[in-house]
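Worksheet: one structure, shown below.
The values are calculated or read from the model by the stated rules, or taken from the named source; none is laboratory data. This structure is a prediction, so every number in the text was calculated from the model and none was measured. Accessible surface is based on the protein model in full, side chains and every heavy atom, while ligands, DNA and RNA are left aside. Shrake-Rupley method; radii C 1.70, N 1.55, O 1.52, S 1.80 Å.
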Amino acid sequence: MTLDLSTLNFDKGQGLVTVVTQDASTGDVLMVAHADREALERTLATGEMHYRSRTRGLWHKGATSGNTQKVVSLCADCDGDAVLARVRKAGPACHTGEETCFGEGRWDALAHLDATLAARASGPLPEGAKPSYTRRLLDDRNLRLKKLGEEAAELVTACADADTHRAAEEAADVLFHVLVAVRSLGLTLDDVKAVLASRARPTVP
């Protein structure tokens, strides 16, 4: 998260630099705002995004709404008058309730599936309603582990047969059952992505 504030050109923007805030997990641009030296000092000190508005003054993103932005990295551009802030958001970035200030953001099938699983894991089952397949998996440890094993075996078979269509379908089934299995442990798609990100290494030309 280290950012050398001395490399920034605050004079060019009359004491402000532009901040482009990006979701570290999806790559979505969440919002564009401004920050002065004080806002960035507060960001560095707390690990959460602070901005400077010409009308609102210094503001801590999410201080009232709870939609905070935890900093993953801060990087200045080549001219020193803009900063790319990669964050993990706790809620929608826009005051309208949208995920980003540019709309709902990328339609990520896995993210939507993970959100659906979260809702079904926490929401009460209506009285007299028959539990869905997903809810049955979430409530039955033996069933979800059995189905995860079965789906993995079916994917192996499809790959061994070089059946591309079936392999894609079985891979989708495996991903669904993996997310159900980890959800039962209190883990989310973001937790899995974080592990993958930690394993990533820059390639050497």
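Relative to the longest principal axis of the chain, what angle (0 to 90°, nearest 10) does the C-alpha long axis of helix 141-160 take?
Computed tilt is about 90 degrees.
Between Rg and the Kirkwood Rh of the stretch 1-100, both from Cα atoms, what is the Rg to Rh ratio? Please report the intermediate quantities before stating the final value.
Details: Rg = 12.4 Å, Rh = 13.3 Å.
On the Cα set of the stretch 1-100, Rg over Rh gives 0.93.
With the contact rule set at Cα under 8 Å and sequence spacing of 6 or more, what percent relative contact order holds for the stretch 11-89? Please list the in-between numbers first.
Details: 154 pairs, mean separation 24.5, N = 79.
So the answer I get is 31 percent.
Beyond 16 Å, what percent of the Cα pairs of the stretch 137-205 remain? Walk me through the numbers before you get to the answer.
Details: 1355 of 2346 pairs.
So the portion of pairs separated by more than 16 Å is 58 percent.
Does anyone have the angle between helix 164-183 and the longest principal axis of the chain? Alpha-carbon axes, 0 to 90°, nearest 10?
Long axis of 164-183 versus the principal axis of the chain: about 70 degrees.
Pairing the Cα long axis of helix 189-199 with the longest principal axis of the chain, what angle in degrees results, from 0 to 90 and rounded to the nearest 10?
Roughly 70 degrees, rounded to the nearest 10.
HN-Hα J couplings of the stretch 117-129 from phi, Karplus 6.51/-1.76/1.60, θ = phi - 60°, integer Hz, Gly and Pro as x?
5, 4, 5, 6, 6, 9, x, x, 7, x, 4, x, 7
Hey, can you find the accessible area per residue of the stretch 109-200 for me, probe 1.4 Å, expressed in square angstrom?
Details: 5800 Å² over 92 residues.
With the other protein chains kept in place, the stretch 109-200 gives 63 Å² per residue.
Using a Gaussian network model on the chain with a 10 Å cutoff between Cα atoms, which of SER25, SER65, SER73 fluctuates the most?
It is SER65.
Just want to confirm a number: the relative contact order over the stretch 109-200, from Cα pairs under 8 angstrom separated by 6+ residues, in percent.
About 32 percent, as a whole number.
Running a GNM on the chain with Cα contacts under 10 Å, which residue among ASP139, ASP108, ASP161 ends up with the highest mean-square fluctuation?
For the chain, modelled as a Gaussian network with Cα springs under 10 Å, the answer is ASP161.
Past 32 Å, Cα to Cα: identify those pairs from LYS89/LYS130; LYS70/LYS147; LYS61/LYS146; LYS61/LYS193; LYS12/LYS89, in the order given.
Numbers: LYS89/LYS130 35 Å; LYS70/LYS147 36 Å; LYS61/LYS146 44 Å; LYS61/LYS193 24 Å; LYS12/LYS89 29 Å.
Beyond 32 Å: LYS89/LYS130; LYS70/LYS147; LYS61/LYS146.
Below 8 Å between Cα atoms, with a sequence gap of 6+, how large is the relative contact order for the chain in percent? Please report the intermediate quantities before stating the final value.
On the way: 280 pairs, mean separation 31.9, N = 205.
Computed value for the chain: 16 percent relative contact order.
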